[in-house]
Amino acid sequence: MARKGGLVAGAACTMDPDQPLLSPAYVGWDGGTLVEIRPPRSGDLDADGVHDRHDALVLPGFVNVHHHVTSAGLTGVEPEAQPGLGAAPPEARRRFVAAIDQDRSRALAALGFLELARAGVTTTTDSQAAWKGDRRVDGAIEAAASSGLRVHFSAAFLDRTELIPPQQQHTPDGAVQELDRLRNLFAGDRLEIEGEPLSLPRATDDLVRALHGARHRRAAMHLTYSRAFERWADETLGRRAVEHLDHLGVLDAGWLFAHPVHLDANELRLLGQAGAGTAYCPVSNLHMGLEIPDLRPLRAAGLTLGLGLDHPNGNHDVLQNAKVATIAQRSAAGDPDAWTALDSLEALTVGGAAALGLEGRVGRLAVGYAADVVVLAGLLPPVLTVGRIAERVVMAGAREHVSDVVAEGRWLVRDGAVVGSDEDAIRRDAVAAQDALLAAAAR
Ligand SMILES: [Zn+2]
């Protein structure tokens, strides 16, 4: 069925340098692609599938570049765990995590994807650990496939830690076979599947090389998020993390690195030369007491930058995440001009798309781009400039303002209501999964 439709909006903030702002605006799509971005004409609203949002603001759909969607469905019920470097988890948490199976993983992830859509996200990553001998990853991917979102899924492999029981860790060859199985079953136009060596403290060099060799486009990995990680690299590898990847011969543009927190000048230079993407996760990082990186030298080095929710986070509000990015950068720099709201809005749209290697198709309202559209109601500033719109969206916006979400021409949210999936059933199934996991943890 042809997916033809459009919106007449009070303003469009396009993130397209050729035409950054239209007020008012008509945004039209056909077959999943944007075909018209222009001032409205009389008669636009008479066409089939064209909706009147004359008091609202339209933006490109948001891009979330780092997340653990299943884990996010556990907020508030998960037994305590500290971010570590590979030590065995406490017993209750071990039982809790071990009890995640295909059905529970699907139920929890379905809630996470639903909440992402409600927050205006049309493109997201999801990273979930692959356990040998069970199908928890299949459940998360099934939820991704039916979510309506564009998903870059990372099957995360660990072979240098006790976070996963040793008998349930894949060998490097086994990890590549498992990745092939998942791709054969699930990969498609809107669902990419990559293998992720979780992080250097949790993946051997052989596993890093194997998954680098098996990547299709851009594989994810957690970089140096803490001082403890930094010390671990120094003591165990004898060099910094990015220098170690360079030493292994795997440093290239085929990476999306989460947590560019502790990077020295040489690492920034190496990453910039490689053309790697980065995912900054301000709320989650602050939640765990991690330091605030200065993102300006990172951008100056030529790295692409997106924003990620990550876990723990507490919710899926990517606008709140962008606000925290903005104020954290200003605070760390001691300078209110160090980071603008527009810097964060770029990271949430076109920057995130570039970090995922989706530039030219995702992150802008421009002809030929994917028809990924988010409408925010109640946020139009009295003076329309791109900077003021960004300030209003990032500093005053929240997911409550998201009234409509369109992903490649398909409505996910319309007039504040979820379209095409049963929200009540998804919430009920997620709560049942949470209850079952808590019961397993208490056993
Ligand atoms: Zn993560």
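Any read-out appearing in this document is the output of simple, stated calculations on the displayed coordinates, not a laboratory observation. Nothing here was measured: the structure is a model prediction, and the numbers come from that model. No Cβ is skipped: glycine too gets one built from the backbone with ideal geometry, and neighbour counts run over all protein chains shown.
Dipole magnitude of the stretch 193-273 about its Cα centre, charges +1 at Lys/Arg Cβ and -1 at Asp/Glu Cβ only, in debye to the nearest 20?
Details: 10 positive and 12 negative charges, 37 e Å.
Computed about the Cα centre, the dipole is about 180 debye.
Over the stretch 300-351, what is the relative contact order in whole percent, taking alpha-carbon pairs under 8 Å and six or more residues apart? Present the calculation step by step, with values, prior to reporting the outcome.
Values: 36 pairs, mean separation 21.8, N = 52.
It rounds to 42 percent for the stretch 300-351.
Once the dipole of the chain is set up with Lys and Arg at +1 and Asp and Glu at -1 on Cβ about the Cα centre, which of ALA338, SER226, ALA99 lies farthest towards its positive end?
Checking the options against the dipole of the chain, the answer is ALA99.
Of all beta bridges DSSP finds with both residues in the chain, what is the antiparallel percent, to the nearest 5? All intermediate terms of the calculation are to be shown ahead of the outcome.
Values: 29 of 64 bridges.
Around 45 percent antiparallel, to the nearest 5.
Out of the GluC sites (Glu not before Pro) in the stretch 8-98, which ones are loop residues according to DSSP with at most 11 other C-beta atoms within 10 Å? Spell out each step's value before the answer.
Values: sites: GLU36, GLU80, GLU91; in loops: GLU80.
Those satisfying the criteria are GLU80.
Please build a GNM for the chain, connecting alpha carbons under 10 Å apart, and tell me which residue among LEU365, LEU379, LEU149 fluctuates the most.
Maximum among the listed residues: LEU379.
May I ask for the angle, rounded to the nearest 10°, between helix 318-333 and the longest principal axis of the chain, with both axes built from Cα atoms and the value confined to 0 to 90°?
Its long axis makes an angle of about 70 degrees.
Can you compute the helix-only [θ] at 222 nm over the chain? Use -39500 (n - 2.57) per DSSP H run of at least 4 residues, normalise by all residues, nearest 500 deg cm²/dmol.
Numbers: 16 runs with 156 residues, N = 443.
Value at 222 nm, helices only: -10000 deg cm²/dmol.
How are the alpha carbon pair distances in the chain distributed across 10 Å bins from zero to the largest one, expressed in percent?
5, 22, 32, 26, 12, 3, 0
Explain nothing, just the number: dipole magnitude of the chain about its Cα centre with +1 on each Lys and Arg Cβ and -1 on each Asp and Glu Cβ, in debye rounded to the nearest 20. Before the final figure, lay out the partial values.
Values: 43 positive and 58 negative charges, 26 e Å.
Its charge dipole is roughly 120 debye.
Got a sec? Charge dipole of the chain, +1 on Cβ for Lys and Arg, -1 for Asp and Glu; which of HIS259, GLY133, GLY409 is way out at the positive end?
Selected residue: GLY133.
Which of the trypsin sites (Lys or Arg not before Pro) across the stretch 162-236 are loop residues per DSSP, with 15 or fewer other Cβ within 10 Å? List each step's numbers first, then the result.
Working: sites: ARG181, ARG183, ARG190, ARG202, ARG209, ARG215, ARG217, ARG218, ARG227, ARG231; in loops: ARG190, ARG215, ARG217, ARG218.
Of the trypsin sites (Lys or Arg not before Pro), the ones in loops of the stretch 162-236 whose Cβ has at most 15 other Cβ atoms within 10 Å are ARG217.
Which order do peptides 261-269, 61-69 fall in by mean Cβ count within 10 Å, highest first? Walk me through the numbers before you get to the answer.
On the way: 261-269: 17.1, 61-69: 29.1.
Sorting 261-269, 61-69 by mean packing, highest first, produces 61-69, 261-269.
Of the options VAL35, GLY397, VAL69, report the single residue whose Cα projects farthest towards the positive end of the charge dipole of the chain (beta-carbon charges: Lys, Arg +1; Asp, Glu -1).
It is VAL69.
When only C-alpha pairs under 8 Å and at least 6 residues apart count, what is the relative contact order of the chain, in percent?
Values: 1009 pairs, mean separation 94.4, N = 443.
Relative contact order for the chain comes out at 21 percent.
Based on alpha-carbon centroids, what's the gap between the stretch 98-141 and the stretch 358-375 in Å, whole number please?
The stretch 98-141 and the stretch 358-375 have Cα centres spaced 25 Å from each other.
Distance between Cα centroids, the stretch 288-347 to the stretch 152-188: provide it in whole Å.
The stretch 288-347 and the stretch 152-188 have Cα centres separated by 30 Å.
What list of ³J(HN,Hα) couplings, whole Hz, do you get for the stretch 195-212 from phi and the Karplus terms 6.51, -1.76, 1.60, once you set θ to phi - 60° and write x for glycine and proline?
x, 10, x, 3, 6, 4, x, 10, 9, 6, 4, 5, 5, 4, 5, 5, 6, 4
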